[in-house]
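Notes follow once the structure below has been shown.
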Amino acid sequence: MLRRVGPLDRARWLRAPGHEGCIGAFRLEPDTAPIVVEAVSGRAMTLAPGDTFLATPGHRESTRWVVGGVPAGGLVPGATYWVLAECGAVGELTGDSPSAKRHLGRACYLGAAHAEEDGRALCLGDFAERAVPGASDAGAPVFLVVGTSAEVGKTTAGITVLRALRRKGAEVVAFKATGTSSVGELSLYRDFGAAWAFDCVDFGLPTTYPSGRPDAAGVFEASLDTCLALPADAVLIECGGDLLGANVPVFLERLTRRRPEPRVIVAAADALGAAGAARLLREMGLAVTLVTGPCTDTPTLRRRTEALCEAPTASMMRPGA
């Protein structure tokens, strides 16, 4: 989450409210179990009870893992909250699934980092990517990967598309536009040849939750200003989560203003989910180019999915995908 921040040699910690995106200090509660989070390098890092660490208040509305967020007025110094995601978003816990979650643990909020020069609270937005003034849209085609839920193969589909583009010699921008940030996912896109890789942290947000946030359109506009202006041959966009959460509808509305006909790849767990996604996308004015995911695992599923979606299918998990 704080990968763009760098050393904070000239900052001091104050007992100030912790607002979304601020750089905060936390201490893992002594009576909680060790947790595993993502270091700024992307590697898994274990935090032991009593450890002090840097993170940021943030929201999460996962359909599979955890729901929680930042209370009105921000986090209160000395109060206890929860680590909501491996990337380091911390806030009040609304609820979670029965699945095991190695990042979920209680942490005390200690205070926020303030710049020594002017006493201003430091936040992710201070280190965000800025579009070059006067830069125009480079016109690269957009490949858009969306899914019916988490863990249905969106990143696998994105990597497969990226590899196909790289085999043709294309320079590619990879952009995880919505959902929860992850250094690991960006590193994966870079490992497979993306010339640039971004997510919401690069544009000042720890996540793109909660749904309906009033600043979503502005953040998405700024991110598209940057990604579409780069001198690339293609822009590969992955939307995290499903089609309804993380402000994905807002992002798609802003995207289609600039690219009315992106190539759309849908990842779905089953044929009915794929059919629902295809219908919803059509209502948004988007045609499905390809369907992938577990709904393409067997010949029976592929035939059913193709019939319901009226679109071709392909399993990205098979050799030669």
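The values are calculated or read from the model by the stated rules, or taken from the named source; none is laboratory data. Since this is a predicted model, take the numbers as computed values, not measurements. Backbone-built Cβ (ideal geometry, glycine too); neighbour counts: all protein chains shown.
Of everything in the stretch 287-308, what is assigned to a helix (DSSP H, G or I) and among the hydrophobic types (A, V, I, L, M, F, W, C)? Give them in sequence order.
Scanning the stretch 287-308 gives Cys295, Leu301, Ala307, Leu308.
Taking the stretch 40-79, which residues are assigned to a loop (DSSP other than H, G, I, E, B), among the aliphatic types (A, V, I, L, M) and touching a residue at least 24 places away in the same chain (Cβ under 8 Å)?
If the condition is that a residue be assigned to a loop (DSSP other than H, G, I, E, B), among the aliphatic types (A, V, I, L, M) and touching a residue at least 24 places away in the same chain (Cβ under 8 Å), then Val40, Val70, Val76, Ala79 are the ones that fit.
Considering only the stretch 130-159, how many residues are among the polar types (S, T, N, Q) and not in a loop (DSSP other than H, G, I, E, B)?
2
Counting only residues that are of a type outside the set (Asp, Glu) and in contact with a Lys or Arg (Cβ under 8 Å, 6 or more places away or on another chain), how many does the stretch 151-173 have?
Here the count works out to 1.
Residue by residue, here is whether (1) closer than 30 Å to Pro133 by Cα; (2) buried (at least 20 other Cβ atoms within 10 Å of the Cβ); (3) in contact (Cβ under 8 Å) with a residue 12 or more places away in the chain; (4) among the basic types (Lys, Arg) holds:
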residue: Leu236; (1), (2), (3), (4): yes, yes, yes, no
residue: Gly240; (1), (2), (3), (4): yes, yes, yes, no
residue: Pro249; (1), (2), (3), (4): yes, no, yes, no
residue: Arg257; (1), (2), (3), (4): yes, no, no, yes
residue: Arg263; (1), (2), (3), (4): yes, no, yes, yes
residue: Ala267; (1), (2), (3), (4): no, yes, yes, no
residue: Glu283; (1), (2), (3), (4): no, no, no, no
residue: Ala287; (1), (2), (3), (4): no, no, yes, no
residue: Asp297; (1), (2), (3), (4): no, no, yes, no
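List the number of the failed condition for Arg106; all other conditions in (1) in contact with an Asp or Glu (Cβ under 7 Å, 6 or more places away or on another chain); (2) surrounded by 24 or more Cβ atoms within 10 Å (Cβ to Cβ); (3) not β-branched (Val, Ile, Thr) hold.
Here Arg106 clears every test but (2).
Hey, can you tell me all the residues within the stretch 270-285 that are in contact with an Asp or Glu (Cβ under 8 Å, 6 or more places away or on another chain) and part of a loop (DSSP other than H, G, I, E, B)?
Within the stretch 270-285, just Met284 meets the criteria.
Is it true that Arg60 is crowded, with 17+ Cβ neighbours inside 10 Å, at pLDDT below 95, charged (D, E, K, R) and not assigned by TED's automatic domain parsing to the domain that holds Leu188?
no
Could you tell me how many of the residues in the stretch 67-99 are among the small types (Gly, Ala, Ser), surrounded by fewer than 19 Cβ atoms within 10 Å (Cβ to Cβ) and under 23 Å from Gly50 (Cβ atoms)?
Qualifying residue count, the stretch 67-99: 2.
Is it fair to say Gly111 is surrounded by 14 or more Cβ atoms within 10 Å (Cβ to Cβ), without any contact (Cβ under 8 Å) to a residue 60 or more places away in the chain and at positive phi?
No: the conditions fail for Gly111.
Closer than 30 Å to Thr56 by Cα, crowded, with 24+ Cβ neighbours inside 10 Å and touching a Pro at 6+ places or on another chain (Cβ under 8 Å): does that describe Cys200?
Yes.
Has the stretch 77-85 got any residue that is over 19 Å from Gly204 (Cβ atoms) and at pLDDT below 95?
no
Applying the selection to the stretch 242-252, what residues are in contact with a strand residue (DSSP E or B) (Cβ under 8 Å, 6 or more places away or on another chain) and either acidic (Asp, Glu) or in a loop (DSSP other than H, G, I, E, B) (or both)?
Within the stretch 242-252, Asp242, Leu243, Gly245, Ala246, Asn247 qualify.
Output yes when any residue across the stretch 160-180 is assigned to a loop (DSSP other than H, G, I, E, B), in contact with a strand residue (DSSP E or B) (Cβ under 9 Å, 6 or more places away or on another chain) and closer than 25 Å to Pro294 by Cβ, and no when none is.
The answer is yes, given that some residue of the stretch 160-180 is assigned to a loop (DSSP other than H, G, I, E, B), in contact with a strand residue (DSSP E or B) (Cβ under 9 Å, 6 or more places away or on another chain) and closer than 25 Å to Pro294 by Cβ.
In the stretch 227-241, what residues are modelled with pLDDT of 95 or more and either closer than 14 Å to Gly147 by Cβ or assigned to a helix (DSSP H, G or I) (or both)?
Across the stretch 227-241, the qualifying residues are Cys227, Leu228, Ala229, Ile237, Glu238, Cys239.
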